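> Have a look at this one before I ask anything.
Quick note: the coordinates plus some simple rules give every number you see, no bench work behind them. Since the structure is predicted, the reported quantities are computational estimates derived from the model, not experimental observations. Cβ placement follows ideal geometry from the backbone for every residue including glycine, while neighbour counts extend to all protein chains displayed.
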Amino acid sequence: MTATHSSANGPVFTLLDKESGHEFELPLMHASIGPDVIDMRRLYAETGCFTYDPGYTSTGSCQSRLTYIDGEAGILRHRGYPIEELAADSDFMDVCHLLLYGELPTAAEKQAFEDDITHHTMLHEQFYYFFRGFRRDSHPMAIMCAAVGALSAFYHDTTDIHSPEHRRIAAHRLIAKVPTIAAVAYKYSMGQPFVYPRNDLGYAANFLYMMYSNPCEDYVVNPVLARALDRILILHADHEQNASTSTVRLAGSSGANPYACIAAGIASLWGPAHGGANEAVLKMLGEIGNRDRIPEFLDRAKDKDDPFRLMGFGHRVYRNHDPRARILRESCHEVLEELGVKDEPLLDLAMELERIALEDDYFIDKKLFPNVDFYSGIIYRAMGIPVAMFTAMFALGRTAGWVAQWKEMIEDPAMKIGRPRQLYLGEVERHFVPLEERG
Ligand code: CMC
C-alpha cells in the first residue's frame, strides 16, 4: 500500500497487487480530528478480497459525531466538550441532552427535557409481575437484560424506528426507566418492597431513593452522594464504538426495536473484559486481601500460562491514562470523606496496587493503566451499593450513549445492515456419507 496522493476524486490510498501489477485506489475520508479512514467499501468489488481484523483493532465501523477519544493523550470529549469540564460543571441530564441532540440545552430546553425524563420513570404496573418470576438470587444484570428487552412488549407505541417521534420517546423512556428497573432488581434480591420513583427528585437522587428507601422510615438523599453518583453517570455516559455500543448498533442495523437493542448492549456490557470489570476489581481486591500479597498477584497477571489479569487495568484505546479514572480517583476521596470513612482498607490496597503496577516494567511496556472500572467499585461500595449491582450502575450511565448512538445510526443515510465477512478455513467440499457407511 502506498502513501496517500490526490486523484481527480480527492485524496486516495493506492493498493498495489505486486503479482499482476494492478493498482487499486481507495478513497481517504477525513476526520474532523483524529485518524482519517480508508474507505474500504469497494475493496471486495475491485480486488475480490476482504479485510481481516478480528477485534476491530483497525476498523472504523461507522461515522459518528458524538464522542472523540485520543488514547495516546488520554483525551475524551463528547460533542467537543472535554470530559473533565462536563464532570466538573454539568450534570447527567445536560450530558444526555448533549449526546442525543448535539448541544447543551438552554435553561428552557433543560427544564423540558428533565420533565420528560422524570415523567417516564414509572414502569407499567403489570411490569412488576415480570420481576417476580426470577429467582431471588438472580444476578441484577440477568434481570436487566431481560427486563429492558421486555420493555418492547409493554411500549409497542414507540417501536417504529422510522418515526422520529417514536425514536425520541423510546430514547427518553430508556434513559428514564433503566434506573427504575435496576432499583427494582436490587429490591427484589433483598426481598424488600419495590419503591416507586419520586418526581421531585433529580435523576441520581431518585435512583438512590428507589434503592434505599423503604415504607417503614424516611429516607433523605444525601446531596453529596447524589452529586457523586451523577458525576459517575457522566463518566460512563458514552465511549464511542466499544463492545456494547457496537453491539447496540449491530442489533439496531437490522431494524430491531430500540428496547431490544439496548438489552443486547447490556448483555455485552456484562462481560468481565468490559463493564463487568468493576465487579471483578472488587472481587480481586478482596482476594488479594493485603499489601503483602500484591507481588504474588502481579506475578500471576504477568504469567502467560495464568488466565488471571489485573482487573481494572488496561484499555484497548487509552495508552497513557484513562481520564475517567483520574476523575473517579478524586471523587473516591470526596465520597469517603463525606461518609466519614477514615480508613478504607480497599482504597488503600487499590492505591498501593496502582502504585506498584505503575512502576513495574511489564505494565509500563504494555502501557497498562488503571481504567474507569478500577475506582468506581470503591465509590459504589462506600455508597452501600452491593457488588453484584456494580455493572448495572455502569449500564445506567451508558444507556445515554447507547440510545444516542442508536439514534445517530438510524438517522444516518449511510446506514446498512451490519454484515461482516470472514476468512473461511473449513473443509472445501465433501459429499454426504450414509450412516451405515461412516467409519
Ligand atoms: N493484566 C495483565 N495483562 C494485561 C492486562 C491486564 N489487565 N490487560 C492487557 N494485558 C496484556 C495482555 O496479556 C497482552 O499481552 P501480550 O501482548 O504479551 O499478549 C497485552 O497486555 C495487550 O492486551 P490485549 O488483551 O491484547 O489488549 P486489548 O486491547 O485486546 O484488551 C482489555 C483491553 C481492557 C480487554 C484488557 O486490558 C483487559 O482484559 N483488562 C482487564 C479487564 C478490564 O479492566 N476491563 C475494563 C475496560 S475499561 C471499561 C470498559 O470498557 O468496560
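> Restricting to Cα pairs below 8 Å that are 6+ residues apart, what does the relative contact order work out to for the chain? Please round to a whole percent.
On the way: 587 pairs, mean separation 81.4, N = 439.
Averaging sequence separation for qualifying contacts and normalising by length gives 19 percent for the chain.
> Just report the Cα centroid separation between segment 357-399 and segment 225-289, whole Å.
12 Å
> How high is the FRET efficiency from residue 355 to residue 296, r the C-beta distance, R0 25 Å, rounded to 0.05?
On the way: r = 16 Å, r/R0 = 0.65.
The computed FRET efficiency comes out at 0.95.
> At a threshold of 8 angstrom on Cα-Cα distance, excluding pairs fewer than six apart, so keeping six or more, what relative contact order does segment 8-56 reach in percent? Kindly include the intermediate steps, with their values, before the conclusion.
Working: 51 pairs, mean separation 12.1, N = 49.
Here the relative contact order equals 25 percent.
> Oh, and also: Net charge near residue 194: determine it from the other residues with C-beta under 15 Å of the C-beta of residue 194, scoring Lys and Arg +1 and Asp and Glu -1. The partial results should precede the final answer.
Numbers: positive: 132, 136, 177, 187, 198; negative: 125.
Local charge sum for residue 194: +4.
> In terms of Cα to Cα distance under 20 Å, which lysines are near enough to residue 110, apart from those fewer than 8 places away along the same chain?
Within reach: 177, 407.
> Let me ask something additional. For segment 143-268, what does the relative contact order come out to in percent, with C-alpha contacts under 8 Å and a separation of six or more? Can you show the working numbers first?
Working: 122 pairs, mean separation 41.6, N = 126.
The normalised contact order for segment 143-268 reaches 33 percent.
> Something else: If R₀ is 35 angstrom, what is the calculated FRET efficiency for the pair residue 348 and residue 135, using the beta carbon separation as r and rounding to 0.05? Could the numbers behind the result be given before it?
Numbers: r = 36 Å, r/R0 = 1.03.
Efficiency computed from Cβ-Cβ geometry: 0.45.
> Based on alpha-carbon centroids, what's the gap between segment 84-145 and segment 32-78 in Å, whole number please?
So the separation of the two Cα centres works out to 30 Å.
> Below 14 angstrom from the Cβ of residue 238, what's the summed charge of the other residues (Lys, Arg +1; Asp, Glu -1)? Intermediate values should be presented prior to the final figure.
Values: positive: 65, 77, 79, 249, 324, 398, 407; negative: 94, 240, 408.
My count for the surroundings of residue 238 gives +4.
> Going down the list 304/342; 283/342; 366/416, which pairs span over 28 Å between their C-alpha atoms? Write out the running numbers ahead of the final one.
Numbers: 304/342 38 Å; 283/342 22 Å; 366/416 36 Å.
Pairs exceeding 28 Å: 304/342; 366/416.
> Count charges around residue 224 for me, please; just the other residues with Cβ under 15 Å from its Cβ, Lys/Arg as +1, Asp/Glu as -1.
On the way: positive: 227, 231; negative: 91, 230, 330, 334, 337, 338.
So the environment of residue 224 carries a net charge of -4.
> To the nearest 20 debye, what is the magnitude of the charge dipole of segment 1-150 about its Cα centre, counting +1 on the Cβ of each Lys and Arg and -1 on the Cβ of each Asp and Glu?
Working: 10 positive and 22 negative charges, 120 e Å.
Dipole of segment 1-150, to the nearest 20 debye: 580 debye.
> Contour minus end-to-end for residue 124 and residue 33, with contour as 0.36 nm per residue of separation and end-to-end as the Cα-Cα distance? Provide the component values of the computation, followed by the final result.
Numbers: separation 91, 0.36 × 91 = 32.76 nm, distance 4.39 nm.
Value of the extension gain: 28.4 nm.
> Return the loop-located trypsin sites (Lys or Arg not before Pro) in segment 105-209 (DSSP other than H, G, I, E, B) with at most 16 other Cβ atoms within 10 Å of their own Cβ; answer none if there are none. List each step's numbers first, then the result.
On the way: sites: 110, 132, 135, 136, 167, 168, 173, 177, 187, 198; in loops: 132, 135, 136, 198.
Counting only loop positions with at most 16 other Cβ atoms within 10 Å, the trypsin sites (Lys or Arg not before Pro) in segment 105-209 are 132, 135, 136, 198.
> Here is a follow-up. Please report the base-10 log of the normalised intensity I(q)/I(0) for the chain, using a Debye sum with one equal scatterer per alpha carbon and no solvent, at each q in 0.06, 0.10 (1/Å).
Computed log10 I(q)/I(0) values: -0.30, -0.78.
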